[in-house]
Amino acid sequence: MTTFQSLGLADHLLQSIRDLGFEAPTPIQVSAIPVISAGDDVAGEAQTGSGKTAAFVLPILQRLCDSPPADSPRVRVLTLAPTRELALQVAGVFTSLAKRAPRPIKVLAVIGGEPIEQQISALNRGIDVVVATPGRLLDLLGREVLDLTGLQVLVLDEADKLLDLGFSEELAALFWSIPHERQTLVFSATLPQKVLDLSADVLRDPVTVRVDDAPEGPVGIHQRVIEVHQDSRRRLLQHLLGEEGWGRTLVFVATQRATELLSAKLRKAGIWAGALHGGLAQADRVAVLAEFKSGRVSVLVATDIAARGIDVPRLGAVVNFDLPRSPRDYLHRIGRTGRAGENGVAVSFIDHSSAAHFRLIEKHSQIELPRERVPGFDLSRQAPKRSKGPAPVKGKRMSKKDKLRAQAAQAAQAEEH
Ligand code: ADP
Ligand code: MG
């Protein structure tokens with residue numbers, strides 16, 4: 001069995017690893033750490049919760065400590081993350097793994113929603129590692145207060161999300177500001193060919209490191225699907241929360257408003273529920289996630305900002321109250337549970353109108369789940385009277401594709417990073 005020691009990591013890192021209670025490296029750590037240490041660019045793909053963060057943080061810290069301190073305080077490592085929550089989390093992993101470094105490694109999260117002046121003065125004092133969301137990063141670049149000319153390593157965490165359309169402009173501006181000679185690492189649980197093609201512009205002769213899923217899909221996550229009428233979903237959720245003993249539960253809905261409405265209703269029913277979405281003040285975002293992690297809030301109702309990368313240990317269940325937009329998002333959402341060798345359950349609610357979309361998700365994920373029904377939470381109550389064949393009034397009804405597109409647009413609008 002490979003040990004952290006045999007990966008050639010320095011003693012201070014081995015100590016920090018012990019402090020965190022990690023006993024052995026995970027498969028992606030075993031594969032990626034030597035390649036990153038060798039200085040190669042890496043495209044890394046491994047299941048949600050498989051320890052990708054430490055897989056890049058450890059060799060980066062090793063490199064920072066091995067090379068002499070820069071004479072001028074310049075940022076040497078930049079990690080991008082698609083959401084503020086993830087940026088804070090990744091910065092936390094850098095900080096805790098750097099705790100025992102022979103000289104201090106300064107880490108700063110650069111995210112929106114917090115006073116920019118504080119971030120600027122911290123940068124002026126000298127920072128080694130910046131973990132940023134793209135929006136705030138660009139803001140700082142625009143103000144010419146962030147010197148990236150000494151950048152040695154660039155990491156795109158949840159790279160596919162970052163390279164998705166919304167961020168591509170920001171990224172293009174970033175690549176103007178950083179040295180050509182650098183190491184670039186991209187990581188995600190899902191790196192489809194399309195994304196690899198896009199990242200070909202930013203990677204140089206990358207080594208692809210891939211830890212394949214088991215054929216039956218992500219390990220440790222029991223996936224279920226329940227047929228339920230739209231209007232009965234909340235009652236069913238309450239029923240399941242009472243019956244199933246899931247413990248901490250993350251519920252995904254499609255809009256910011258729905259997070260507020262549903263969590264308020266759950267609270268009325270005596271359930272400790274909170275809402276997380278991009279429309280909240282940053283302090284509230286941080287607070288509710290902290291309460292959820294500490295167990296003070298047992299149900300978190302969130303938009304897709306919580307779908308990527310967020311690590312909540314002992315998260316018992318993920319519920320897709322509304323289905324995700326894409327099969328890829330499905331994998332990321334359910335991957336919030338069943339992390340680091342734990343077990344979890346992922347439940348999706350479907351009805352007549354979302355059944356076809358869920359079949360698409362199943363097809364892409366190469367799964368086929370039995371449809372469940374829960375007595376008392378009827379689906380058939382208002383089954384659509386639909387005849388076979390095409391839509392009855394041509395041109396008036398939205399096609400399935402249009403509907404999905406409209407849903408996606410709506411959800412995207414509700415999102416904010
Ligand atoms: P990913 O980015 O692959 O989704 P994370 O890096 O967030 O996963 O790690 C998931 C969880 O696994 C975290 O709680 C992390 O502390 C833990 N972890 C990482 N590496 C190890 C290890 N070698 N042994 C035990 N736990 C680990
Ligand atoms: Mg991650």
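Just so it is clear, none of the values below were taken in a lab; they were calculated from the coordinates. Model, not experiment: these values are computed from the prediction. Neighbour counts run over all protein chains shown; Cβ positions are idealised from the backbone, glycine included.
The table below gives the values:
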quantity	calculated
Backbone HN-Hα couplings from phi across the stretch 112-128 [Karplus 6.51/-1.76/1.60, Hz, Gly and Pro as x]	x, x, 10, x, 6, 4, 4, 5, 5, 6, 5, 4, 5, 6, x, 10, 8
Residue order, fewest to most surrounding Cβ atoms within 10 angstrom, among Glu362, Glu368, Glu85, Glu342	Glu368, Glu342, Glu362, Glu85
Extension gain from Ala38 to Arg18, taking 0.36 nm per residue of separation minus the Cα-Cα distance	4.8 nm
Neighbour-limited loop hits for GluC sites (Glu not before Pro), the stretch 120-217 (at most 12 other Cβ within 10 Å; DSSP other than H, G, I, E, B)	Glu144, Glu181, Glu216
Nearest-ten-degree value, helix 282-294 long axis tilted from longest Cα axis of the chain	80
With eigenvalues of the C-alpha gyration tensor scaled by 5 and rooted, the chain, Å	39, 23, 21
Label-point separation, Glu260 to Asp147 (7 Å along Cα→Cβ), nm	4.4
Centre separation in Å (Cα based) which lies between the stretch 3-22 and the stretch 195-247	30
Charge sum, other residues only, whose C-beta stays under 11 Å from Val195's C-beta, Lys/Arg counted +1 and Asp/Glu -1	-2
Candidates per trypsin sites (Lys or Arg not before Pro) in the stretch 130-193, loop by DSSP, up to 15 other Cβ within 10 Å	Arg143
Long-range HN-HN contacts of Val110 with modeled amide H, under 5 Å	Val131, Ala132, Thr133
By average C-beta atoms within 10 angstrom, highest first, the peptides 226-236, 55-65	55-65, 226-236
Square roots of 5 times each gyration tensor eigenvalue, C-alpha, the stretch 221-372, largest first, Å	22, 17, 15
